[in-house]
């Protein structure tokens, strides 16, 4: 019973519970047919949501009002630049990855300058920059139809025992980022700033440097997502990051991170990403129309967020 009480007190547990329940309903409805394939597909698609979700989590954890809305456009720009530079050549993989990271670095710096120098609220700053970034991607990648290098395509789609290799890599990365969040000066500074920015400053934390690093981290992860997603999808497209705008925020909140800041959880992002994919799969399996799927998805996500809301951070 003590174990149950401890687990029930952890907000991220609810995301995994929701994931299991929607998978179970789908499996029962189909008589168990294709249940393993559904999990494999969920791991494949959830991987990309987890990548951007981790970056978004660090941004949201720094306190109320902090959010990165430029993630979709950064994904599009990164993918377009990488695909055009690589030109389907394995020999250009390193250059393509470097270019993607360069795009992410530039976006992160630009976002922070809007926030810090021009004093624009983060939600407005990142939304505004997203229009500029997407316009750049359109100008650069309009009509782009280049297949990814074979090595990139193989890496993003290969499986071992029904488990995507990319998912394994990102699980290891998530473990690393959990250590960064909870065991490093940077991670603890992010949590401290989210709990009380002034107290963190008085304690000697360079608040603005930490915020700068956080927005850059989010943009870099979005760029990496664009690079990998281009390989997985067979090429870059200007709208391939569109679904990650709300998804990157939803998985953070469902996964147990407080929107008020100061409280974050990395494992919960995996549970939330899997939950969201399996939820849509369940509704498709049950034959729900597009409109009903959207309504039900929204209602269920709101319910899970309400249940997993957790405690407010201390002020």
Based on what the data block shows, is residue 125 surrounded by 16 or more Cβ atoms within 10 Å (Cβ to Cβ), in a helix (DSSP H, G or I) and in contact (Cβ under 8 Å) with a residue 24 or more places away in the chain? no
Could you check the range 200-311 for helices (runs of 4 or more DSSP H) lying wholly inside it with 1 or more residues that are buried (at least 20 other Cβ atoms within 10 Å of the Cβ) and modelled with pLDDT of 90 or more? 207-233, 244-254, 267-285
Check the range 152-161 and report whether any residue there is without any contact (Cβ under 8 Å) to a residue 24 or more places away in the chain, outside any loop (DSSP other than H, G, I, E, B) and more than 22 Å from residue 87 (Cα to Cα). yes
Let me spell it out: the conditions are (1) closer than 24 Å to residue 88 by Cβ; (2) out of contact with any helix residue (DSSP H, G or I) (no Cβ under 7 Å at 6 or more places or on another chain), and residue 137 meets all of them except one. Which number is the exception? (2)
Of the residues that make up the range 68-77, is at least one over 16 Å from residue 135 (Cβ atoms), within 12 Å of the chain's Cα centre (by Cα) and either modelled with pLDDT under 95 or not in a helix (DSSP H, G or I) (or both)? yes
Could you tell me which of the residues 146, 120, 115, 133 is buried (at least 17 other Cβ atoms within 10 Å of the Cβ), in a loop (DSSP other than H, G, I, E, B) and in contact (Cβ under 8 Å) with a residue 12 or more places away in the chain? 146
Spot the failing condition for residue 46; the list is (1) modelled with pLDDT of 90 or more; (2) farther than 30 Å from residue 114 by Cα; (3) surrounded by fewer than 24 Cβ atoms within 10 Å (Cβ to Cβ); (4) touching a helix residue (DSSP H, G or I) at 6+ places or on another chain (Cβ under 8 Å), and only one is missed. (3)
Residue 58 crowded, with 24+ Cβ neighbours inside 10 Å, farther than 22 Å from residue 151 by Cβ and in contact (Cβ under 8 Å) with a residue 40 or more places away in the chain: yes
Scanning for something over 22 Å from residue 296 (Cα atoms) and either over 19 Å from the mean Cα position of the chain (by Cα) or in a helix (DSSP H, G or I) (or both), does the range 21-29 turn up at least one residue? no
Does residue 108 satisfy the criteria of being out of contact with any helix residue (DSSP H, G or I) (no Cβ under 7 Å at 6 or more places or on another chain), modelled with pLDDT of 95 or more and either closer than 29 Å to residue 86 by Cβ or not in a helix (DSSP H, G or I) (or both)? no
Does residue 178 satisfy the condition of being in contact (Cβ under 8 Å) with a residue 40 or more places away in the chain and either under 21 Å from residue 101 (Cβ atoms) or in a helix (DSSP H, G or I) (or both)? yes
Filter the range 78-107 for residues that are more than 11 Å from residue 236 (Cβ to Cβ), within 17 Å of the chain's Cα centre (by Cα) and surrounded by 24 or more Cβ atoms within 10 Å (Cβ to Cβ) and give the result. 104, 107
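The values are calculated or read from the model by the stated rules, or taken from the named source; none is laboratory data. Note that this is a predicted model, so its numbers are computed, not measured. Counting neighbours? That spans all protein chains shown, and the Cβs are built from the backbone with ideal geometry, glycine included.
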